[in-house]
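Novice: Encoded as structure tokens, here's the structure I'll be asking about.
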Amino acid sequence: MSTASYDKKTQAAHHFDSLDQQHEAGKQGVWLFMATEIMMFGGLFVGYFLYRFKFHDMYIVGGDSLNWQLGALNTLVLLISSFTMAQAVTETMSGNNKKALKLIYVTVACAFVFLIVKYFEYSAKVHHGMFPGFDMWNPDMTYIMSQLRESSQGIITADPANLRLFFVLYFAMTGLHGIHILIGIGLMFWIIKRIKNDEFSPKYYTAVEGVGLYWHIVDIIWIFLFPLMYLI
Amino acid sequence: MSQSDTHSHGGNYINCEKGLWSWLTTIDHKRIALMYFIVIMAFFLFGGLFAVLLRLELLTPEPLFMTGDMYNRAMTLHGSIMVFMVIIPGVPALLGNFALPLMIGAKDVAFPKLNLGSWYCLVIGAAIVVLSLFWGGVDTGWTFYTPYSAKSSDAVTLVVLGAFVMGFSSILTGVNFIVTIHKLRAPGMTMMRLPLFVWSLYATAIIQVIATPVLGITLLLLIFERTFGIGIFDASMGGDPVLFQHFFWFYSHPAVYIMIIPAMGIVSEVISTFSQKTIFGYKAIAYSSLAISAISFLVWGHHMFVSGQSGFLGKIFSILTMLVGVPTAIKMFNWVATMYKGRVKLDTPMLYSINFLSLFTIGGVTGLFLAAFSVDVHLHDTYFVVAHFHYTMLGGALMGFFSGLFYWFPKMSGKMYDETLGRVSAIMTFVGFNLTFIPQFIMGSQGMPRRYHTYDGVFAPYHITSTVGSWIVAAGFILAIYVMVRGMFKGIPCTEKNPWGGTTLEWSIDSPPIHENFTEIPTVTGRPYEYR
Amino acid sequence: MSHHIVPLKTNIITLSTLVFLTAVTVLTAKYIHLGENGNLVLAMFIACVKATIVFGWFMHLKYEGIMNRVIALCGLGFLLLFVGLSYLDLFFR
């Protein structure tokens, strides 16, 4: 095998001329992967906007029945985790691997907080019959009414059937986002293991930076999901 | 850096390591290309078998040996296999993998492990698709249109999952190629000195990276629709079935350019080499590849002229679709101009490339008929569409693919195939192909609808000619594969580095190449195709 | 070029800006009524600003070469195209 062991911190893989070239290539690969992420979520955003155009009243009802305080909390948690991740990259680049390790632990903790909050949100929705899958769709109308703003009280009688579609998109988009968070946690543990093995140095930190980019894109998607789902 | 000496004793990339395991875990791009060769040829024969069976069924107006259900399943399998498992990975993943690093003077692609991973994605996805046969097969057609695909047999979920996994294969290959082209070029290999096949792979990779994720999310939603019943494409729950078509064609129209652009790249190489003449309009060909890949994202609605899309948008898509003709025509002009006054050698790769030129021209021009909004209303869902699609995909992409296979054959295997039999196969496929599909243009314009296993007796002469033609095409391709496989094992060793007189970098190294391609990374000083 | 280390201070400023903009998003959406579309456009505008900040500073795009910016913009550009043309369909159907 050509993956014979060599010191990754000082030597590039066999088909690269230098660590710099290897780093640049790796980073560009991650950026291309980010473009695919944008397009993949983009498809769901197309769905969101098309149905919003068709059933915009139901989007208001649906948005009101979500708990925006929890959404805002999660936004904050993700922003902080993005910050710790960015700072972890900074520390790795300056050679402070121990600090970087601590920061990544905080990032993972934030990711878990996000998922726990999401779990409570989801279970509340399922409890009130608002999960649009299998045969579980049986929304508790009095509950939804109680959640509505005054300005949208009149809408609900119009066409409650299409409310389902809002929740389809809600669960599809936040669900896919949640899966990305899970994958992100997996990647963090991979990074943690490699930091503990002392694999990174100011010259070789592509993996940390790549996972960082991934984590920020997950954050960006949430930046859009939060207002679209919870606020407007 | 220091690894090359540990491998130098092995000779070339094929025999430097032995055993099945060394192949399955290899991260050498040339070996991965050979593994692609094996699986893609197997799928090609499998998909081709269904094509022949379909044509055989259509020999008589009455059902011959298939029920309608069987026919639909065979048709879907033929389409899915040929599109997702043969043509999409065919040129970029097989020939691209082999030739790209050699042509730009690199030791490997940028991410060798990812490259192996994308081979496994293809194999796993394909295995899932084949598994669906045991669940009774799929009868939706390769486009999986909702709402039918949401209600049809359980096997749909499996096939869609398979296509989803294969999508990753395509994305990973695309990412790999873009980075390789940007970061691993040999010293002096500027973008404007890249061989045209590399340019076409670059344009293809852009589509693979940008469009394939949309297919991923579409198929994922279809799986959710089927398993959870979420109703996002179900009109009875407020969903919009046309949305599925938007999603699907946003990927699948650019996907046909994933299939054709690299074939165009191969033809550029072959025509220049076998005319022994500098390619006419290098920049025009390079930029037109990029133009096609950009325009390909603007035309998906022409698949939906009659599916309830708005008429206004239909007109816009109709006009935009015509635009694709411009860069394609530029390429055609340049290829013919390259051959003009060249020293044309009619060897097998060149014959296949000439097949490409003539057949793809017909395919492209009939594409303009179908792009015209009003004409399409008459022609949609007839054999005219079938014929057009096969002229571009079989007559275009696959002819280019085989041209490339024969062109790089001596480099890949270090041996020479039987030239006479190779030429015979090229001529057979050309004759058989036209015999199969010209009648389909005629009966399509007369109103013979596609996807039926029975038909009115007046179409019988066309269908019979078409079926007979399909036997000749099949025989031609089987002969071509036989020639290659036999050449690999029993061919005369071809020790010459440059049997065709090519000017690109891969012809400056041993055939077959050593494990790390170049003993010394070359420095490029001029453009490719500098003949005389 | 690529080994630009972003200092802690910059990261803190970036985080504070993002948190501030989140607060602005919530407050405008809840307490300023611009009509449905008005609020949608405003919220999307703020989200775009936030995303740009994340792209630029957290993801270091500000310090990158041209190519990675082009890749990111390509993704966004084709996405807009996808949204735009599909939206046109619904609008004129």
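Novice: For region C:1-30 and region B:403-419, what is the separation of their C-alpha centers, rounded to whole Å?
Specialist: 58
Novice: If you take the square roots of the eigenvalues of the alpha-carbon gyration tensor of region B:414-516 and sort them as a ≥ b ≥ c, do you get rounded (a/c under 1.5), prolate (a/b over b/c) or oblate? Please list the in-between numbers first.
Specialist: Working: a/c = 3.78, a/b = 2.98, b/c = 1.27.
Taking the square roots of the gyration eigenvalues as a ≥ b ≥ c, region B:414-516 is prolate.
Novice: Would you mind ranking A:Tyr119, A:Tyr105 so that the residue whose beta carbon has the fewest other beta carbons within 10 Å leads the list? Walk me through the numbers before you get to the answer.
Specialist: Values: A:Tyr119 11, A:Tyr105 14.
In order of increasing Cβ crowding within 10 Å: A:Tyr119, A:Tyr105.
Novice: Ok, one more. Three principal axis extents, largest first, for the C-alpha atoms of region B:68-209, in Å?
Specialist: The principal-axis extents, from largest down, are 59, 25, 21 Å.
Novice: Just to confirm my numbers, what's the Cα centroid distance between region B:158-208 and region B:484-518 in Å?
Specialist: Each part's Cα centre sits 23 Å from the other's.
Novice: Now, a different point. Once you have a ≥ b ≥ c as the square roots of the Cα gyration tensor eigenvalues for the protein assembly as shown, tell me rounded if a/c is under 1.5, and otherwise prolate or oblate according to whether a/b is larger than b/c. Intermediate values should be presented prior to the final figure.
Specialist: Values: a/c = 2.01, a/b = 1.23, b/c = 1.63.
Here the protein assembly as shown falls in the oblate category.
Novice: If packing is taken as the average count of other Cβ atoms within 10 Å, what order do B:95-102, B:354-361 fall into, highest mean first? Mind dumping the intermediate values first?
Specialist: Working: B:95-102: 27.5, B:354-361: 21.6.
Most protected by this proxy first, the peptides run B:95-102, B:354-361.
Novice: OK, next. Roughly what angle does helix B:196-228 make with the longest principal axis of chain B, taking Cα atoms, 0 to 90 degrees, to the nearest 10?
Specialist: In chain B, helix B:196-228 runs at an angle near 40 degrees to the longest axis.
Novice: Which whole-number percentage describes the relative contact order of region B:130-251, with Cα contacts under 8 Å and a sequence gap of 6 or more? Spell out each step's value before the answer.
Specialist: Values: 114 pairs, mean separation 35.5, N = 122.
Computed over region B:130-251, the figure is 29 percent.
Novice: Which of A:Asn97, B:Phe224, B:Leu379 sits closest to the plus end of the dipole of the protein assembly as shown, meaning its Cα is farthest towards the positive end, when Lys and Arg get +1 and Asp and Glu get -1 on the C-beta?
Specialist: Positive-end residue among those listed: A:Asn97.
Novice: Would you grab the residues whose amide H sits under 5 Å from the one on B:Thr382? Only those 5+ places off in sequence or on another chain, please, with H modelled 1.01 Å from N.
Specialist: Amide H neighbours of B:Thr382: B:Arg450.
Novice: Averaged across A:218-230, how many Cβ atoms of other chains sit within 10 Å of each residue's Cβ atom?
Specialist: Details: counts 0, 6, 9, 1, 1, 12, 6, 1, 7, 13, 4, 0, 3.
The per-residue average across the peptide is 5.
Novice: Continuing with this model, one more query. Charges only on Cβ, +1 for Lys and Arg, -1 for Asp and Glu: so what's the dipole of region B:1-151 about the Cα centre, in debye to the nearest 20? Provide the component values of the computation, followed by the final result.
Specialist: Details: 8 positive and 8 negative charges, 44 e Å.
The calculated dipole for region B:1-151 is roughly 220 debye.
Novice: Let me ask something else. By the gyration tensor of its Cα atoms, with a ≥ b ≥ c the square roots of the eigenvalues, what is the shape of region C:8-92: rounded for a/c under 1.5, prolate for a/b over b/c, or oblate?
Specialist: On the way: a/c = 5.20, a/b = 1.13, b/c = 4.61.
Oblate.
Novice: I need B:Arg185, A:Arg164 ordered by Cβ neighbour count within 10 Å, fewest first.
Specialist: Values: B:Arg185 19, A:Arg164 23.
The order, fewest Cβ neighbours first, is B:Arg185, A:Arg164.
Novice: Label B:Tyr120 and A:Val117 with points 7 Å out from Cα along Cα→Cβ: what is the distance between them in nm?
Specialist: Computed distance between label sites B:Tyr120 and A:Val117 equals 3.6 nm.
Novice: Helix B:399-413 against the longest principal axis of chain B: what's the angle in degrees, Cα atoms only, rounded to the nearest 10?
Specialist: 30
Novice: What are the residues whose amide H is under 5 Å from the amide H of B:Lys415, where those residues sit 5 or more places off or on another chain and H is modelled from the backbone?
Specialist: Under 5 Å from the amide H of B:Lys415 lie the amide H atoms of B:Cys494, each far enough along the sequence or on another chain.
Novice: What does the structure give for B:250-261 when I average, per residue, the other chain Cβ atoms found within 10 Å of the residue Cβ? It would help to have the intermediate numbers written out before the result.
Specialist: On the way: counts 9, 2, 0, 0, 1, 0, 0, 0, 0, 0, 0, 0.
Other-chain Cβ atoms within 10 Å of each residue's Cβ, averaged: 1.
Novice: What list do you get for A:Val211, A:Val168 if you sort them by fewest beta carbons within 10 Å? Before the final figure, lay out each step's value.
Specialist: Working: A:Val211 22, A:Val168 27.
Ordered by Cβ neighbours within 10 Å, fewest first: A:Val211, A:Val168.
Novice: How well do other chains shield peptide C:53-65, expressed as the mean number of their Cβ atoms within 10 Å of each residue Cβ? All intermediate terms of the calculation are to be shown ahead of the outcome.
Specialist: Numbers: counts 2, 8, 5, 0, 2, 13, 15, 8, 2, 0, 0, 4, 3.
Averaged over the peptide's residues, the number is 5.
Novice: Further question on the same structure: Only helices at least 27 Å long along their axis, Cα-based, and averaging 1.0 or more on Kyte-Doolittle count here, so list those DSSP H runs from chain A. Could you put the intermediate results ahead of the total?
Specialist: Details: long enough: A:19-54 (53 Å, 0.24); A:68-94 (39 Å, 0.87); A:97-127 (45 Å, 0.79); A:163-196 (49 Å, 1.40); A:206-226 (30 Å, 1.47).
The answer, listed by residue number, is A:163-196, A:206-226.
Novice: Where the only charges are on Cβ atoms (+1 Lys, Arg; -1 Asp, Glu), what is the dipole of the protein assembly as shown about its Cα centre, to the nearest 20 debye?
Specialist: Details: 51 positive and 45 negative charges, 318 e Å.
Dipole about the Cα centre, nearest 20: 1520 debye.
Novice: What does the highest-first list of B:63-71, B:284-292, A:134-142, A:41-49 look like by mean Cβ count within 10 Å? Each step should come with its number before you reach the end.
Specialist: Numbers: B:63-71: 14.7, B:284-292: 21.1, A:134-142: 12.6, A:41-49: 22.8.
Going by the mean number of other Cβ atoms within 10 Å, highest first, we get A:41-49, B:284-292, B:63-71, A:134-142.
Novice: Using the Cα centre as the reference, give the magnitude of the dipole from point charges on the C-beta atoms of chain A (Lys, Arg: +1; Asp, Glu: -1; all else neutral), rounded to the nearest 20 debye. Don't jump to the answer; show the numbers that get you there.
Specialist: On the way: 16 positive and 17 negative charges, 95 e Å.
With only Lys, Arg, Asp and Glu charged at Cβ, the dipole is about 460 debye.
Novice: I'd like the distance between the alpha-carbon centres of region A:158-232 and region A:34-49, rounded to an integer number of Å.
Specialist: Rounded to whole Å, the Cα centres lie 13 Å apart.
Novice: Here's another thing I want to ask about it. Sort the following peptides by mean Cβ neighbour count (other Cβ atoms within 10 Å, averaged over residues), highest first: A:67-73, B:517-523. Don't jump to the answer; show the numbers that get you there.
Specialist: On the way: A:67-73: 16.0, B:517-523: 14.1.
Descending packing order for the listed peptides: A:67-73, B:517-523.
Novice: A further question on this structure: Say the dipole of the protein assembly as shown comes from +1 at the beta carbon of Lys and Arg and -1 at that of Asp and Glu; which of A:Leu165, A:Trp68, B:Ala474 then lies farthest toward its positive end?
Specialist: B:Ala474
Novice: Now for a different question. Could you give the angle, 0 to 90 degrees to the nearest 10, between helix B:460-490's Cα long axis and the longest principal axis of the Cα atoms of chain B?
Specialist: 30
Novice: If eta is 1.306 mPa s and T is 10 °C, what Stokes-Einstein diffusion coefficient results for region B:294-361, Kirkwood Rh from Cα pairs, in µm²/s?
Specialist: On the way: Rh = 14.4 Å.
Answer, rounded: 110 µm²/s.
Novice: Another question, then. Using the Cα centre of the protein assembly as shown as origin and beta-carbon charges of +1 (Lys, Arg) and -1 (Asp, Glu), tell me which of B:Met304, B:His246, C:Ile71 is placed farthest towards the positive end of the dipole.
Specialist: Sorting the options by dipole projection puts first C:Ile71.
Quick note: the coordinates plus some simple rules give every number you see, no bench work behind them. This is a predicted model, so every value here is computed, not measured. Every residue, glycine among them, receives a Cβ derived from its backbone with ideal geometry; neighbour counts consider all protein chains shown.
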